[in-house]
1. Is it true that some residue in the stretch 1-24 is among the aliphatic types (A, V, I, L, M), more than 23 Å from the chain's Cα centre (by Cα) and closer than 25 Å to Phe171 by Cα?
2. Select from the stretch 15-35 the residues that are touching a Phe, Trp or Tyr at 6+ places or on another chain (Cβ under 9 Å) and of a type in the set (A, V, I, L, M) and list them in ascending order.
3. Being modelled with pLDDT of 90 or more and more than 21 Å from Arg237 (Cα to Cα) is the requirement here; does Glu66 meet it?
4. Pick from Leu14, Leu65: which is surrounded by fewer than 18 Cβ atoms within 10 Å (Cβ to Cβ), among the hydrophobic types (A, V, I, L, M, F, W, C) and not in a helix (DSSP H, G or I)?
5. Would you check if Leu133 is at pLDDT below 90 and under 21 Å from Ser24 (Cα atoms)?
6. Has the stretch 84-98 got any residue that is over 23 Å from the mean Cα position of the chain (by Cα) and in a strand (DSSP E or B)?
7. From the set of residues in the stretch 219-254 that are buried (at least 20 other Cβ atoms within 10 Å of the Cβ) and modelled with pLDDT under 90, which is farthest from the chain's Cα centre (by Cα)?
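The values are calculated or read from the model by the stated rules, or taken from the named source; none is laboratory data. Since this is a predicted model, take the numbers as computed values, not measurements. Using ideal geometry, Cβ is built from the backbone for each residue, glycine included, and neighbour counts are taken over all protein chains shown.
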Amino acid sequence: MKKYNYKIVVFTDLKESLSNTLKSTLSLAKMINGEIGLFHVKKASDVVNKENQLSAIRSINSEYLEMENRIKSIVDEFSKDFGMPITYSFTIGNLKNEIAHYINEEKPDIIVLGKKKTKLFNLVGDNLIQFVLDQYDGPIFLTDENNILELNNELSLGVLNGDEKSSITGFVQDLLLHSQKPLTSFKISKTPNVPKINQESKKRSEIEFVFEENNNSIQNLSNYLSINHISLLCLNRTNKRSKNDSITSKISDVIDTLNVPLILMGQSNNTL
């Protein structure tokens, strides 16, 4: 049996965006030697709406069978196309309770969530990304609907507001092995003359851009990500406060504005 370095779980609502989410996740898993599990929660209120107990039981059994067939079909298709196994599980219940239980029991190394075109943080009223941030201290991979992480040598990795020591750890080092380009570091600070390339970064094969902190900072960052063809951006989310902490202390705008896959690294007490 193959030994994997990382345990990855995809939390999914089985909507249309799942296809691109799985493609990006499979690429990530192949680059870092990770195993993938898929987990789906169906709200009980969406299944049981009858007062009769027997009818409710029949509805639940029917829904389980339907979910089994649907998820198995999806998993089999992607496993075959990518030559990589995907395990799966599902349940009916309270979304947040079931996800919290899964995290506690399965202890994944990386959690995957798909970004939406609509406002992220009112996901059917569940505010799921913030909930996972509160429940989980490890890395969270946020896939993008339109920009898929591809498994090839064109990977261009970026880091937002993180130093090299804290950013290039664990599986990020594995990702860099698949990139022929230097790490690109983006910082947002109160320095007036920006953006500029930090000359010190050249000593460590890293390109660094520094932006002035203002109302357009995140949009300017988004433009530079596009210009520099960044395919994956890592955002450090730590408990340590710093002079560049303002952008990471409220990351909802970052996630909503940036059109690239994101990896939110490390423990955080931040809010969206």
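1. Restricting attention to the stretch 1-24, the residues satisfying the condition of being among the aliphatic types (A, V, I, L, M) are 1, 8-10, 14, 18, 22.
Next, from what is left, pick out any that are more than 23 Å from the chain's Cα centre (by Cα): 1.
From what is left, the residues that are closer than 25 Å to Phe171 by Cα are 1.
Yes, some residue in the stretch 1-24 is among the aliphatic types (A, V, I, L, M), more than 23 Å from the chain's Cα centre (by Cα) and closer than 25 Å to Phe171 by Cα.
2. Matches in the stretch 15-35: Leu22, Leu26, Leu28, Ala29, Met31, Ile32.
3. Yes: the conditions hold for Glu66.
4. Details: Leu65 fails: not in a helix (DSSP H, G or I).
Checking each option against the conditions leaves just Leu14.
5. Values: at pLDDT below 90: yes; under 21 Å from Ser24 (Cα atoms): yes.
For Leu133, the condition - at pLDDT below 90 and under 21 Å from Ser24 (Cα atoms) - is met.
6. The answer is yes, given that some residue of the stretch 84-98 is over 23 Å from the mean Cα position of the chain (by Cα) and in a strand (DSSP E or B).
7. In the first step, residues of the stretch 219-254 are kept if they are buried (at least 20 other Cβ atoms within 10 Å of the Cβ); the result is 221, 225, 230-237, 247-248, 251, 254.
Add one more test, that the residue is modelled with pLDDT under 90, and what stays is 235-237, 247-248, 251, 254.
Numbers: Leu235: 11, Asn236: 13, Arg237: 13, Ile247: 18, Thr248: 16, Ile251: 13, Val254: 13 Å.
Selected residue: Ile247.
Conditions tested, residue by residue: (1) in contact with a Ser or Thr (Cβ under 7 Å, 6 or more places away or on another chain); (2) under 19 Å from Val132 (Cβ atoms); (3) exposed (fewer than 12 other Cβ atoms within 10 Å of the Cβ).
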site	(1), (2), (3)
Gln53	no, no, yes
Arg58	no, no, no
Ile74	no, no, no
Phe82	no, no, no
Leu95	no, yes, no
Leu113	no, yes, no
